[in-house]
Amino acid sequence: MSNPPSRGIYLAILGAAVLAVAGGAAFWTASRQKPQTSADQIVTVDARSCQPNAITVPGGRRSFEIVNASDRPIEWEIVDGVMVVAERENIAPGFHATLAVQLAPGSYEMTCGLLTNPRGTLTVTASDEATAAASEVTLKKFLGPLSEYRVYLVMQGNQAVKAAEKLRDAIDAGDLPAARAAWAEARLPYRRVEPLAYRFSDLENVIDPSAAYLAGREQDPGFTGYHRIEYGLFAQNSTEGLAPVADRLVADLGTLAERLKAAPLDPALLLALPGAMARQLAEAQIPEGENSYAGNDARDLTAATEGIAKLTGLLRQVVASVDPKLDAELGTEMQAATDAVAALQGQDWSQVPAEQRQKLAADFTRLAETLDRLQPIIGMN
Amino acid sequence: MTGCPFITDRRRLLMGLGLGAIGTLAPAAQAREAAQPNVDDAPHGHAETAAQSVPFHGPHQAGIVTPRPANGIVAAFDVVAASLDDVETMLRLLTERAAFLTQGGAVPERDPRLPPADSGLLGPVVAPDNQTITLALGDSFFEAQPALKPLKPARLQRMVQFPNDALEADICHGDIVLQFCANLQDSNIHALRDIVKNLSEYLVLRWVYEGSVPPVPPAPDGSTPSARNFLGFRDGSANPDANDAEMMGRVVWTAAPDEPAWAHGGSYQAVRIIRNFVERWDRTPLREQERIFGRAKNSGAPLDGGPKATERDVPDYAADPDGAKTAMNSHIRLANPRTPDADKHLILRRPFNYARGAMKNGHLDQGLLFIAWQADLQQGFIAVQNLLNGEPLEEYIKPVGGGYFFAPPGVAGPEDYLGSGLIDAARRA
Amino acid sequence: MIGTYLKTTGLALALGGWAGMAAADPSLDLVGPLADYKIYVAENTAQLVADAEAFTTAIKAGDLDKAKALFAPTRTSYEKIEPIAELFSDLDVSIDARADDFEKAEADEAFTGFHRLEYGLWEKGSTEGLAPFADRLMADIHTLNERINGLTFPPEVVVGGAAALMEEVAATKISGEEDRYSRTDLWDFDANFAGSQKIYDLLKPLIAKQDPEFVAKVDGNFAAVDAVLAKYKEGDGYVSYEKLTDADRNLLSSKVNTLAEDLSTLRGKLGLG
């Protein structure tokens, strides 16, 4: 994991950000400020758990301030069953981040640092605000886009399985070059649907865990999925021992495809997905890289950007008649992000200069901020 | 705007009124405004004719001897029914729709996200407008259901081609026909649309002909002259008196002992679509036209009458045995030779004129939607048409469609339905 | 007057003619059926592309018999998805217009697509001169496929499509004027019914509970249509339209009109009116 030096330019870009998010390292110097005090709830995550470990808040739009008191970067999630409702990724040790989310009454869990740490509980009580949010606005204009997104999820989900089967076959054949090529291909459909796929926390933890989040890192028995195979193919330069991992990946992606097909979609989710993904890219993969052994993040980012573009395009269909100006801005921002990713193709990610990454991250942050503006205009609450 | 100076001026006038008119100016100007009809005003209707209604319930169906309003439609359908139950359901539904459509009332309101219950042609309240809907059953209606076949009226048959006919399959026959009559054609169209919509499961449309008769102002003596057909002659002069119940009992209402009991009080209907070659007719000398019909074109009087004769006068064929005045092969002399024997061939005519645009040969498609009612189809229309075969008029007319049907008796009351006697008889058998 | 009206309405309600209340707002439950329908359409357009490749290849190879044999089966994928396909009016005209849509009928330069090829294959009995029309059809179908894949299906078009297909059959197919040269109309009927029933079946779970009578009636009418069509099956397809009896034509006609009438309430029932 590289630690790019901080750059003055980030002060300008991020200084005004409401959701000041800490990066994985000194990279995000700008956010190293006094914690925001406006959050409804402060959650401190230490090496083993959340403090407090049981929280009760009234339903509605709630903000959480997450303080990383451990010595490793963490992610913090609110989980409903197996569905991730909202998350903050890549909070560096000693840093904090705020997360605002619309919460319906019910019982949720919080992840607290390492995946092996016990989860905390989050109880959301009924409130006038929550009731009003639930009863508002017609769904009609979202039906087409939601359905279209479901089609996309089904198609890409199936493609992910097929691509993983091809990867498995190459591994079974012991063909390292073919397996490496197939691995790169296999990432793409998954990355396209990642905005929703990563919310199935149980599957995400077996399909796409990063060694950095595991206690035993590469040697951790929980290190499975894409990156385990990547580690084998690109760091250990061998297909050896990867066959069971590939079999497991195919099976897990099959389960994912089923989940994606059955996932209940609603307008709030559709609105939340692309911005959250864009922000996640800006905060984690773009500055830090994710495919640390293969270094082909640029290609992954193309697919991830396509997934965001699909969602953005669908939301633009809803907003176009309501706020044409915002629609046009989204078109411009999306194109800028797409072009910026395209310009970096073919480069090993570790060789991409920091300022280029920062510029790219800024593109995605800007896109996320523009997407944030959809909620008050076409949101259902 | 330059093409419509009147509108501009009118608007200007209105604007002027709106800005400055107060006090005594305004009522005068408004009165002028109301008195000046405009291009987009709807034609004036008449509340009193809209309110006219013909009773739906009675021993006989309405629309047979009841006065013929200005507009009519005949629509022939095939019936889709797998069983006698289906037939009964169809008849009951038809009866209910007809009862509403002929008596009028408010159209039910539906949630606007659903298709409306009514076409809305007549607005939210359907006016009765003299609407009648008369059901008649064709030969094939009885043939299609084994239970109905033995109950077919004795004289009902499929129409066969007469020598001058050129029948087109598309506009002949039908399991049933509905005859719609009303003051306004829009009322008939509304009723037809309602039936088509509500009975789509049972009725498949075969053909439709729309017709009308021109309203005629009363004669100085108070009598109403017959309306003219599209050949310019008065049609119906020799019709029997529909208000003469005794005569109608003989001429129109079926009662023969060899007819099935359920059919008593019903009537046979002959529908003929008779194309007129109007271009050629208009190029025919007047004297020839009058000789062909046997009547004076202007007055409708028989040709043996004096200058003051009227269409009601009865020609004296005994005094004209060689046809010197009224040609032996003239239409009226062939159809009704006024012999004692001719009485049993009387029919009650209820025709409409139709005009349906152009034909492929560049001629107008116009003619007579001939409708005749009689107690005995054989002795009535069929006998009369056989008398007319070969008449000189044939050069100018061509029957191209139609069919024979039998109208069941009327609907006795709210619990009864059209054809109930037939269905009951079929169930008993 | 009002008494009559109340009574007639009551009867009509009892007979199911006017039954049904509209839903207040569409439900998120529609997302699944709408998405499944797009997948169905996508599968059919993929099939259409493959079938049209074979069909147009046969024409260009001058294989008259093979081309004639492939005409009707190739059309079925198009006829199933017509509610969506006809959203693209330019392609609908160039792919599926009939000669009487043009002023100069068969001789009109703008007369292209399936029916132009049908005219050549059956009426002229030859593949001669058809290659440009075959190329055009293939290109149009590729374009259609791309456009459909990129399209967010309007929910009201999908839900309304069930009735629209029946209106299509009622207005222009039952008369036997669709495939007038080849007389393969029954293949099209079958595809139109299948396309309509697919939409209906996808939506059925959403209405079955509150409207069991409606569902029973529509199911019955689809079954009646199937029963009639089954009589005319031959191999994988159907006999000539000319073999359809008047009685069966009337039966189909009444069912089609009644299905159109009933299915026209789907939009309202699902809050998409």
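In table form, for the structure just shown:
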read-out: Euclidean distance of C-alpha centroids, the range C:71-143 and the range C:213-229, integer Å; value: 31
read-out: Accessible carbon and sulfur surface of the range B:48-428 relative to its total accessible area, %, 1.4 Å; value: 54
read-out: Principal axis dimensions, largest first and in whole angstrom, of chain A by Cα; value: 60, 44, 41
read-out: Directionally averaged shadow of the range A:41-130, computed from the convex hull of its alpha-carbon atoms, nm²; value: 4.8
read-out: Highest-fluctuation residue, A:52, A:221, A:93 considered, GNM on chain A with Cα pairs under 10 Å; value: A:221
read-out: Residues with amide H under 5 Å from that of residue B:172, placed H, sequence gap 5 or more; value: B:402
read-out: Equivalent ellipsoid semi-axes - Cα gyration tensor, the range B:172-231, angstrom; value: 32, 14, 9
read-out: Shielding of A:256-268 by partner chains, average beta-carbon count, 10 Å; value: 1
read-out: Viscosity 1.306 mPa s, temperature 10 °C, Stokes-Einstein D of the range B:48-428 from Kirkwood C-alpha radius, µm²/s; value: 73
read-out: Summed side-chain charge close to residue A:178 - residues other than residue A:178 whose Cβ falls under 11 Å, Lys, Arg +1, Asp, Glu -1; value: -2
read-out: Cα pair distances in the protein assembly as shown, grouped into 20 Å bins until the bin that holds the longest one, percent each; value: 10, 29, 27, 19, 11, 4, 0
read-out: Net charge of neighbours whose Cβ lies under 12 Å from the Cβ of residue B:293, counting Lys and Arg as +1 and Asp and Glu as -1; value: +2
read-out: Rg/Rg_globular for the range B:303-429, with Rg_globular taken as 2.2 N^0.38 Å and Rg from C-alpha atoms; value: 1.43
read-out: P(r) tail fraction, the range C:28-270 - alpha-carbon pairs more than 29 Å apart, %; value: 29
read-out: Estimated buried accessible area (total), pair B and C, 1.4 Å, Å² to nearest 100; value: 2500
read-out: Peptide B:259-268, shielding by other chains (average Cβ, 10 Å cutoff); value: 0
read-out: Accessible-area composition of the range A:266-376, carbon plus sulfur, in percent [1.4 Å probe]; value: 53
read-out: Chain B, accessible area per residue, ligands and nucleic acids excluded (1.4 Å, Å²); value: 46
read-out: Nearest-ten-degree value, helix A:324-343 long axis tilted from longest Cα axis of chain A; value: 20
read-out: Nearest 10 degrees, 0 to 90: helix A:176-197 Cα axis against chain A principal axis; value: 10
read-out: Candidates B:284, B:134, B:66: whichever shows maximal mean-square fluctuation once chain B is modelled as a Gaussian network with Cα springs under 10 Å; value: B:284
read-out: Chains C and A, summed buried accessible surface - 1.4 Å probe, Å², nearest 100; value: 1500
read-out: Unit charges at the beta carbon, dipole of the protein assembly as shown: most positive-side option, A:112, B:330, B:169; value: B:330
read-out: Distribution of pairwise C-alpha distances over the range A:266-376, 5 Å bins, in %; value: 2, 13, 25, 24, 16, 10, 6, 3, 1, 0
read-out: Residue B:246-residue B:344 FRET efficiency (beta carbon distance; Förster radius 25 Å; 0.05 resolution); value: 0.95
read-out: Cβ-defined net charge surrounding residue B:234, 13 Å radius [Lys, Arg +1; Asp, Glu -1]; value: +1
read-out: Probe 1.4 Å - accessible area at residue C:231, Å² to nearest ten; value: 130
read-out: Share, in percent, of DSSP beta bridges within chain A that are antiparallel, nearest 5; value: 70
read-out: Peptide B:106-117 - average C-beta neighbours from other chains (10 Å radius); value: 6
read-out: GNM flexibility winner over chain A from A:212, A:362, A:246 (Cα, springs under 10 Å); value: A:212
read-out: Degrees between helix A:267-280 axis and first principal axis of chain A (Cα, 0 to 90, nearest 10); value: 60
read-out: The range A:121-223 - Rg (one decimal) and Dmax (whole number), Cα, Å; value: 19.6, 61
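The values are calculated or read from the model by the stated rules, or taken from the named source; none is laboratory data. Predicted, not measured: the structure shown is a model, and the values here were computed from it. When we count neighbours, we look across all protein chains shown, and the Cβ atoms used for this are built from the backbone with ideal geometry, even at glycine. Heavy atoms of the whole protein, side chains included, go into the accessibility calculation; ligands, DNA and RNA do not. Shrake-Rupley method; radii C 1.70, N 1.55, O 1.52, S 1.80 Å.
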